[in-house]
Amino acid sequence: MIRLNSLSGLKLKMYRSRNRVLFYFIILLLFLQIPVQKISAQTMELPDVLDSIQHSYPSLKMYDAEVQSLDAEAAGARNWAPPQVSAGFWMTPYNTSLWNGMKANGNMPAQGGMGSFMVGVEQMFPNKKYNDANEDYMKAMSSVTKENKKATLNNLFAAAKKNYYEWVIIEKKLSILDESEKLLHFMITNAETRYKNGLGKISAYYKAKASLGNIQSMRVELQNEILQKRIALNTLMNRDKLKDFSVDTNYVTRDYSLMAFDSALFYNNRSDIKAIDKNIQLAYLKQDIEKQSMKPQFGIQYSNMFGYGNSPMMFDLMGTVKIPMNWSTRANKANIESLNFKTQSLEEQKAAMANEYSGMAYQIQQDIVAKKNQVQLFENNIIPALQKNYESTQLGYQQNTEELFELYDAWDTLNKTQLDYINQLQQLLSMQVDLEKLLEIK
């Protein structure tokens with residue numbers, strides 16, 4: 001009886017355990033049926049990308065550290081020459097017996113010893129105008145680095161804009177491919193149905209199948225290009241190279257058709273030209289230092305003598321002056337002349353750069369005007385006409401008045417023209433980036 005009860009209890013436990021497993025299994029199935037919401041990638045607009053580059057790119061921090069280094073160095077511009085301390089024997093005879101002197105003896109008065117031990121100090125006073133010139137020069141040294149930082153930042157912005165706009169163009173190409181893929185699926189499915197029912201020819205069917213494969217291949221290539229652009233932009237933003245984000249496909253084409261590109265525009269806008277200006281100012285400040293170095297420099301000298309024997313203590317107080325002579329200022333004069341030539345060279349370099357930038361800007365401006373006209377022709381004339389041609393051909397095909405190869409040809413022409421239009425748009429945006437880089441516009 002006890003044994004039967006034990007078996008019944010064991011069976012009951014197994015039954016409950018099996019029910020528990022079944023219950024967990026049903027819960028798991030229900031959980032798997034719940035749709036998992038996909039977390040969409042962060043969308044970064046172009047200004048956000050540029051701001052991130054400005055705050056995070058490593059070489060920009062290098063410029064900041066260099067500026068701080070030069071400014072810290074400028075704190076020591078108003079420097080005094082170190083004092084000179086001297087100590088030793090002064091007018092002391094070699095015969096040491098004369099050091100002690102003679103005591104009074106009868107009618108002979110006492111005589112002090114000969115010689116002294118001297119301690120002296122000398123201090124040259126700085127020329128105030130020299131210190132002023134040196135301080136102005138050292139404070140201005142960091143200004144060149146600041147302009148070089150801006151020039152580097154401008155190049156980084158241009159690289160980011162190109163990668164960003166190219167990504168936008170790729171997204172638009174993918175949209176065209178998505179639409180084309182739908183149209184090809186329609187053609188293929190419709191052609192298969194018609195062929196089975198003996199209502200159509202199969203001649204363009206394989207072309208549509210091949211085009212579908214080409215679109216899929218192109219999509220793989222474009223998706224890889226997006227990955228490359230993402231890596232490039234993440235690198236510029238100095239963060240995880242594979243960090244996922246998307247771009248805003250909206251874009252703005254700016255109108256620069258009426259802008260005049262004279263030299264003054266580039267003198268005011270271009271950081272690399274401003275850096276040359278700062279170098280010219282540094283050359284003038286360096287000349288001022290050289291000129292002040294040729295001025296007299298004054299000082300004071302004090303000495304105290306401890307006499308031997310009964311000799312009294314004595315002192316010596318003298319003023320000193322360093323007088324620049326022709327033979328001592330040759331290096332200064334040569335440096336001033338050298339800096340004059342350097343200034344002329346920098347002025348010519350600045351003018352040459354402004355002239356070159358002006359010519360490049362006018363060329364890009366005319367290219368942009370021509371490219372905008374082409375883009376507008378695509379938008380207003382060519383693509384709308386080809387779109388209507390495709391729609392009318394598709395309608396005729398559905399009504400059995402057109403053949404599949406005619407519908408395929410209409411689609412093929414529209415698809416190639418749309419991709420050509422997108423390429424023209426990419427060239428326009430690239431030209432705009434090049435012009436904004438020249439004008440140093442963020």
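The values are calculated or read from the model by the stated rules, or taken from the named source; none is laboratory data. Computed from a predicted structure; not experimentally measured. FYI the Cβ positions are ideal-geometry reconstructions off the backbone, even for glycines, and counts take in every protein chain you see.
List of remarks:
- Screening D240 on (1) outside any loop (DSSP other than H, G, I, E, B); (2) at pLDDT 90 or above; (3) within 30 Å of E147 (Cα to Cα) shows it passes everything except condition (1).
- Residue check for A210: at pLDDT below 85, under 18 Å from D409 (Cβ atoms) and part of a helix (DSSP H, G or I): no
- K295 being within 20 Å of D136 (Cα to Cα), surrounded by fewer than 17 Cβ atoms within 10 Å (Cβ to Cβ) and of a type outside the set (F, W, Y): yes
- Cβ pairs under 8 Å, 6+ apart, first in the range 360-388 and within 30 Å of L407 (Cβ to Cβ), second aliphatic (A, V, I, L, M): V375/L425; V375/L428; I383/L414; L386/A410; L386/L414; Q387/L414
- Pairs with Cβ under 8 Å, 6+ apart, first in the range 152-166 and within 13 Å of A232 (Cα to Cα), second buried (at least 17 other Cβ atoms within 10 Å of the Cβ) and among the acidic types (D, E): A158/D434; A158/E436; K161/E436
- Any hit, the range 261-276, residues being free of Cβ contacts under 8 Å to residues at least 24 places away in the same chain, assigned to a loop (DSSP other than H, G, I, E, B) and either at negative phi or not basic (K, R) (or both): no
- Residues of the range 330-364 classified as surrounded by fewer than 16 Cβ atoms within 10 Å (Cβ to Cβ) and either hydrophobic (A, V, I, L, M, F, W, C) or outside any helix (DSSP H, G or I) (or both), total: 6
- Out of A410, A370, sole residue that is more than 22 Å from E171 (Cα to Cα), over 25 Å from the mean Cα position of the chain (by Cα) and at pLDDT 95 or above: A370
- Residue in the range 414-430 that is more than 30 Å from K182 (Cα to Cα) and either surrounded by 15 or more Cβ atoms within 10 Å (Cβ to Cβ) or among the hydroxyl-bearing types (S, T, Y) (or both) present: yes
- Residues of the range 184-207 that are assigned to a helix (DSSP H, G or I) and either of a type in the set (G, A, S) or surrounded by 13 or more Cβ atoms within 10 Å (Cβ to Cβ) (or both): L184, F186, M187, I188, N190, A191, E192, R194, Y195, Y205, K207.
- Among the candidates G309, G319, the residue that is touching a residue at least 60 places away in the same chain (Cβ under 8 Å) and small (G, A, S) is uniquely G309.
- Some residue of the range 48-66 being surrounded by 13 or more Cβ atoms within 10 Å (Cβ to Cβ), of a type in the set (V, I, T), more than 24 Å from A160 (Cα to Cα) and touching a residue at least 60 places away in the same chain (Cβ under 8 Å): no
- Evaluation of I280 against (1) in contact with a Ser or Thr (Cβ under 6 Å, 6 or more places away or on another chain); (2) part of a strand (DSSP E or B) (one fails), failing number: (2)
- Qualifying residue in the range 309-327 (condition: exposed (fewer than 14 other Cβ atoms within 10 Å of the Cβ) and in a helix (DSSP H, G or I)): yes
- Counted residues, the range 226-264 - those being within 20 Å of the chain's Cα centre (by Cα) and polar (S, T, N, Q): 4
- Search result, residues across the range 54-112 that are of a type in the set (G, A, S), in contact with a Gly (Cβ under 6 Å, 6 or more places away or on another chain) and at pLDDT 80 or above: S86
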